[in-house]
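Step one of this worksheet: look at the structure below.
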Amino acid sequence: MKLVFAGTPEVAVPALDALIASGRHEVAAVVTRPDAPAGRGRRLIASPVAQRAEEAGIEVLKPHRPRDEAFLARLREIAPDCCPVVAYGALLPRVALDVPVHGWVNLHFSLLPAWRGAAPVQHSIMAGDEITGASTFLIEEGLDSGPVYGTVTEEIRPTDTSGDLLTRLAFAGSGLLAATMDGIEDGALKAVPQPVDGITLAPKITVEDARIDWATPALRVDRVVRGCTPAPGAWTTFRGERLKLVQVVPVPERTELAPGALEVGKNHVYVGTGSYAVELLWVQAQGKKPMRAADWARGVRIESGESVGD
């Protein structure tokens, strides 16, 4: 089939690579978000998908909005059979959805109908799910509600951050998306409506969502830290300034610390929660690079009775 691939961040690049490498379909063009400012100089930088497409000699389309008439006219000229999508980052209007014969097929990083929305991986970790996966589905105007072509499953490991898990899903999902394109072309694959039961939503994680509530159990604290790593980054406060939590580990044998209370030893920093303590392994103070929590504690000279989150 002739394809127009839509995607923007690094996590979409493995799927684009898989479609290019398949040799079975022609990736005629790529649709991505416009160049965005990045780095200290705030220079405009092309998206990872745009950069990869340019390396491969593929036409790149960067509409400010997918309903822009110039973009729609070019899409109609290309006349794609199908438009695979991975983390494009903009809502597609009906006028765009109607252009390809087989529609727009999204690779979504959850087992639909669980975790519909912008942050499925983060929410699955924060909820304590043991299994997640990726789904390909036909995009409709509803939020991730279209019929599903296929799924792959992935175990959530006890130490997974959202970055770890998303990387694995990006590669597993790339094979699923390529296989979905093959099945659509063959006519062997039919999309199945999603169940009405089991729908959960995964809205974008805000900075406030990433603030640690030390009155919650240690397992919850650990899940929030892992789910918010690398972005937006779990955090608390210490002496009135924000302290980012990069890595923690529950310590079930330490039950005596009050929520937020600090205990500092030569090589450890414990914090009390609503159940048992967690050990801070890596933290990042404002304006500083990430460092081992024990080094941070020595540097700020934590006094007896001090706490975080006040």
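The values are calculated or read from the model by the stated rules, or taken from the named source; none is laboratory data. Because the structure is a prediction, the values reported are computed rather than measured. In this analysis, Cβ positions are derived from the backbone assuming ideal geometry, glycine residues included, and neighbour counts consider all displayed protein chains. Surface accessibility is based on the protein's heavy atoms, side chains included, excluding ligands, DNA and RNA. Shrake-Rupley method; radii C 1.70, N 1.55, O 1.52, S 1.80 Å.
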For region 134-141, state whether one or more residues are aromatic (Phe, Trp, Tyr) and open to solvent by 20 Å² or more (accessible area, probe 1.4 Å). no
Here's a check for you: in region 136-157, which residue that is in contact with a Gly (Cβ under 9 Å, 6 or more places away or on another chain) and assigned to a loop (DSSP other than H, G, I, E, B) is farthest from Val249 (Cα to Cα)? Glu140
Quick one: is Ala178 open to solvent by 80 Å² or more (accessible area, probe 1.4 Å), more than 20 Å from Glu130 (Cβ to Cβ), in contact with a helix residue (DSSP H, G or I) (Cβ under 9 Å, 6 or more places away or on another chain) and of a type in the set (A, V, I, L, M, F, W, C)? no
Among the residues of region 245-302, write down those that are without any contact (Cβ under 8 Å) to a residue 24 or more places away in the chain and within 26 Å of the chain's Cα centre (by Cα). Gly287, Lys288, Lys289, Met291, Arg292
Which numbered condition in (1) modelled with pLDDT of 95 or more; (2) closer than 30 Å to Val225 by Cβ; (3) of a type in the set (A, V, I, L, M, F, W, C) is the only one that Val95 fails? (2)
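Residues are listed down the side, and each one gets a yes or a no for (1) over 30 Å from Leu111 (Cα atoms); (2) open to solvent by less than 30 Å² (accessible area, probe 1.4 Å):
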position: Thr200; (1), (2): no, no
position: Ala210; (1), (2): no, yes
position: Arg220; (1), (2): no, no
position: Phe238; (1), (2): yes, yes
position: Val251; (1), (2): yes, yes
position: Glu263; (1), (2): yes, no
Wholly inside region 1-113, helices (runs of 4 or more DSSP H) that include 1 or more residues that are aromatic (Phe, Trp, Tyr) are 69-78
